[in-house]
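Student: Quick one: the structure is below, and I'll ask about it shortly.
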Amino acid sequence: MNFQTVQKSRIQVLNDAEIAKGRYVLYWMQQSQRADYNHALEYAIQQANRLGQGVLVAFGMMDDYPEANLRHYTFMLQGLKETRDTLARRGIKMVIQQGKPADVALKIGRNASVIVCDCGYLRHQKAWRDDVAQQAGCRVVQVESDVIIPLQVVSNKAEYAARTIRPKINRHLAAYLIDFEATSVKKSSLKLDVKGLEIDNIEAVLEKMKLDHGVRPVTGFFKGGASRARQVFKSFLHRRLDNYVANRNQPQTDDISHMSPYLHFGQISPLYLALQINHVDSRLQAAKDSFLEELIVRRELAMNFANYAPHYDSYKCLPNWARLTLAEHRQDPREYVYTRRQLEDAQTHDEYWNAAMQEMRYTGFMHNYMRMYWGKKILEWSKTPEHAYRTTLAINNKYFLDGRDPNSYTGVAWVYGVHDRAWFERPIFGKIRYMAASGLERKCDIKGYVRKVDDLVYKA
C-alpha cells in the first residue's frame with residue numbers, strides 16, 4: 001500500500017512570523033474534529049517532533065456559533081469527548097475552552113512555538129483564521145484535511161456545475177487518494193498545565209451555555225463520534241452498498257451511508273471513507289463509483305461554491321438566469337401559501353412533504369431525494385422567491401445535523417438554480433427545475449416513505 005506524508009499542497013503559511021521559542025506546538029482544532037486521518041494533526045505532530053516538543057490540541061467553543069443549537073452541540077460534544085480520549089492514548093493533551101475560537105487560539109497560542117490550524121470554508125471560519133494569523137506572535141500554518149483534493153489544486157474559480165469540476169478532480173485524484181500512516185508522538189503533552197472545560201457530563205456543560213435549547217438532541221438516531229461513524233459506515237458497506245445504485249433515490253429505504261452529519265463535524269475523514277470504498281469487491285464497481293461521485297465530486301463542488309461564491313448563504317448567490325426567471329414569475333398566483341411556523345409544524349396539505357419535515361424535526365436527517373422535493377415546495381408555497389430562500393435556509397440550518405456547512409448551503413442554492421440549468425418554463429418556478437408529488441408516486445414508494453417516517457416519529 002502506498003502511504004503519504006502531508007502533501008505540500010495542503011499546507012499554507014498564513015503569516016510572516018517565525019517559529020517562536022514556545023513550550024509546545026498548538027493544533028487549533030475547529031473543522032477536523034477527529035484524532036485520525038487528520039492531516040493538520042499529523043503535521044502538528046511532525047513539527048513538534050522536530051522541535052522536541054509536545055502537541056497541545058485546543059478547541060474553542062462559543063455560545064453564539066451561527067445558528068447552532070442544543071441538537072448540534074450535543075452531537076459535536078459527543079464527538080469531541082471521544083477525540084479527547086483518543087488523543088490522550090497517543091500522548092496528546094486536548095483542552096476545550098469556552099469562548100470565540102480565535103480568542104481561544106490566541107490565548108493558548110501565546111506559549112506556542114507554532115500554531116497549526118485546519119481549514120473550513122465558511123465566511124466566519126476564514127475570518128477567525130485571519131484574526132489568529134494577524135495577531136499571533138508565532139508562525140500560523142493552515143493544513144487542509146476536510147477535502148480529498150485541496151480546492152486550489154482543482155480550481156481557482158467557482159465552478160459552474162458538476163460536469164465542469166469532475167474532469168479537474170479526476171485529473172488529480174490518484175495523487176491524493178492514498179493512505180497515510182499516523183506519526184509517532186515523541187514527547188507527551190499530557191502533563192501540560194493548561195486548563196479546559198470538563199466535558200464528561202455533556203448535559204451539564206450545555207445547560208450552562210447560552211444557546212437555543214428548543215431543538216432537542218437526536219442521540220437515539222445519531223450519536224456523535226468517530227467510532228460511531230466508522231460503525232455506521234461499516235454497516236453500510238456490508239449490508240446496503242450492493243443496493244446503493246438501485247435505491248439511493250428511494251426514500252422508503254435506508255440504503256444510504258448516513259455519513260453527512262459526521263462529515264459536517266469533521267468526525268470522519270472523506271479520505272478514510274473513499275479508501276474504505278475502494279477496498280470493496282470490484283463486482284460492486286457501479287455502487288463504488290456512484291458513492292465516490294457523491295463523496296468527492298458533489299461534495300467538493302459544494303466546497304468550491306462556499307469558498308469562491310461570496311454570497312453562498314443568500315439569494316444573491318443565484319445565477320443571473322435563475323434570478324431573472326424567478327422575478328418574471330414573482331406575481332404568479334400561489335394556490336397555497338404557508339408561514340414558516342406552519343411549515344416547521346408540518347401543517348401543509350401535502351402528506352409527503354409533511355413526512356419529510358417530520359423526519360427532519362425528529363431525527364435531524366432527511367433522505368436526500370426528499371430534501372430536493374422539500375425545498376422545491378417551499379419555493380412553490382411562499383409569497384416571493386426571496387422569502388422562500390430565507391425560509392428554506394433557516395429551517396434547514398435549524399433542524400439538520402448537517403446544516404450550516406458548504407454542502408447544505410449548496411443544496412439549498414441548487415433548489416433555486418445553482419449548479420443546474422434552465423428547464424421548461426412553468427408558473428412560479430419559471431425555468432427553475434420543478435418537482436411534483438406525482439413524480440414521487442411514479443418513481444418511488446412514497447407511501448412507504450410516509451410509513452417509515454411515522455415509525456421514526458413514534459420511536460422518537
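Student: Considering region 178-192 alone, what residues qualify as being at pLDDT 95 or above and either touching a Phe, Trp or Tyr at 6+ places or on another chain (Cβ under 8 Å) or more than 26 Å from Arg23 (Cα to Cα) (or both)?
Tutor: Matches in region 178-192: Ser189, Leu192.
Student: State which residue is surrounded by the most Cβ atoms within 10 Å (Cβ to Cβ) when the search covers only region 271-286 and only residues that are touching a Lys or Arg at 6+ places or on another chain (Cβ under 9 Å) and in a helix (DSSP H, G or I).
Tutor: Ile277
Student: Give me the pairs: first residue in region 181-206 and among the acidic types (Asp, Glu), second residue outside any loop (DSSP other than H, G, I, E, B) and modelled with pLDDT under 95, beta-carbon distance under 9 Å, and six or more apart or on different chains, which are they?
Tutor: Short answer, once both residue conditions are applied: Glu181/Phe3.
Student: I'm checking my understanding of the structure. Among residues of region 132-189 that are in contact with a His (Cβ under 9 Å, 6 or more places away or on another chain) and small (Gly, Ala, Ser), which one is surrounded by the fewest Cβ atoms within 10 Å (Cβ to Cβ)?
Tutor: Checked region 132-189; the qualifying residue surrounded by the fewest Cβ atoms within 10 Å (Cβ to Cβ) is Ala161.
Student: Could I ask something else about it? Being assigned to a loop (DSSP other than H, G, I, E, B) and of a type in the set (Lys, Arg) is the filter here, so list the residues in region 174-229 that pass it. Walk me through how you get there before you give the answer.
Tutor: Going residue by residue through region 174-229, those that are assigned to a loop (DSSP other than H, G, I, E, B) are 177-178, 180-201, 208-211, 213-225.
Lys186, Lys187, Lys191, Lys195, Lys208, Lys210, Arg216, Lys223 - these are the residues of region 174-229 that are assigned to a loop (DSSP other than H, G, I, E, B) and of a type in the set (Lys, Arg).
Student: Same structure, new question: Is it the case that region 70-89 has a residue that's surrounded by fewer than 18 Cβ atoms within 10 Å (Cβ to Cβ), without any contact (Cβ under 8 Å) to a residue 60 or more places away in the chain and under 23 Å from Val132 (Cβ atoms)?
Tutor: no
Student: To continue, here is another question. Hey, does region 218-228 have a residue that's touching a Phe, Trp or Tyr at 6+ places or on another chain (Cβ under 7 Å) and of a type in the set (Gly, Ala, Ser)?
Tutor: yes
Student: Let me ask something additional. Quick one: in region 444-459, which of the residues that are of a type in the set (Lys, Arg) and over 28 Å from the mean Cα position of the chain (by Cα) is nearest to Asn247 (Cα to Cα)?
Tutor: Lys447
Student: Quick check on my filter: what residues within region 96-105 are surrounded by 19 or more Cβ atoms within 10 Å (Cβ to Cβ) and more than 14 Å from Val205 (Cα to Cα)?
Tutor: Hits for region 96-105 are Pro101, Ala102, Val104, Ala105.
Student: Could you check how many residues of region 100-119 are in contact with a helix residue (DSSP H, G or I) (Cβ under 8 Å, 6 or more places away or on another chain) and either in a helix (DSSP H, G or I) or of a type outside the set (D, E, K, R) (or both)?
Tutor: If we filter region 100-119 for residues that are in contact with a helix residue (DSSP H, G or I) (Cβ under 8 Å, 6 or more places away or on another chain), which is where we start, we get 100-102, 105-106, 109, 113-119.
Going one step further and asking which of them are either in a helix (DSSP H, G or I) or of a type outside the set (D, E, K, R) (or both), we end up with 101-102, 105-106, 109, 113-117, 119.
So the answer is 11.
Student: Residues in region 102-117: is at least one of a type in the set (Asp, Glu) and under 21 Å from the mean Cα position of the chain (by Cα)?
Tutor: Within region 102-117, the subset of a type in the set (Asp, Glu) is 103.
Next, only the ones that are under 21 Å from the mean Cα position of the chain (by Cα) stay: none.
Scanning region 102-117 turns up no residue that is of a type in the set (Asp, Glu) and under 21 Å from the mean Cα position of the chain (by Cα).
For every residue, the table says whether it meets (1) over 20 Å from His124 (Cβ atoms); (2) among the basic types (Lys, Arg); (3) touching a Lys or Arg at 6+ places or on another chain (Cβ under 6 Å).
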position	(1), (2), (3)
Ser9	yes, no, no
Ile19	yes, no, yes
Trp28	no, no, no
Gln33	no, no, no
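Student: Out of all the residues in region 198-208, which are closer than 13 Å to Tyr73 by Cβ and surrounded by fewer than 15 Cβ atoms within 10 Å (Cβ to Cβ)? I'd like the intermediate steps shown before the answer.
Tutor: Step one: list which residues in region 198-208 are closer than 13 Å to Tyr73 by Cβ, which gives 199, 202-208.
If the condition is that a residue be closer than 13 Å to Tyr73 by Cβ and surrounded by fewer than 15 Cβ atoms within 10 Å (Cβ to Cβ), then Glu203, Ala204, Glu207, Lys208 are the ones that fit.
Student: Another one. I'm trying to understand the selection: among the residues of region 1-48, which are over 22 Å from Leu87 (Cα atoms), among the aliphatic types (A, V, I, L, M) and in a loop (DSSP other than H, G, I, E, B)?
Tutor: Met1, Leu14, Ala17, Ile19, Ala20
Student: Tell me, yes or no, whether region 434-446 has at least one residue that is without any contact (Cβ under 8 Å) to a residue 24 or more places away in the chain, assigned to a loop (DSSP other than H, G, I, E, B) and aliphatic (A, V, I, L, M).
Tutor: Checked against the condition, which is being without any contact (Cβ under 8 Å) to a residue 24 or more places away in the chain, assigned to a loop (DSSP other than H, G, I, E, B) and aliphatic (A, V, I, L, M), region 434-446 yields at least one hit.
The values are calculated or read from the model by the stated rules, or taken from the named source; none is laboratory data. What you see is a predicted model; the values in this text were computed from it and never measured. As a convention, Cβ positions derive from the backbone with ideal geometry for all residues, glycine included, and neighbour counts pool all protein chains shown.
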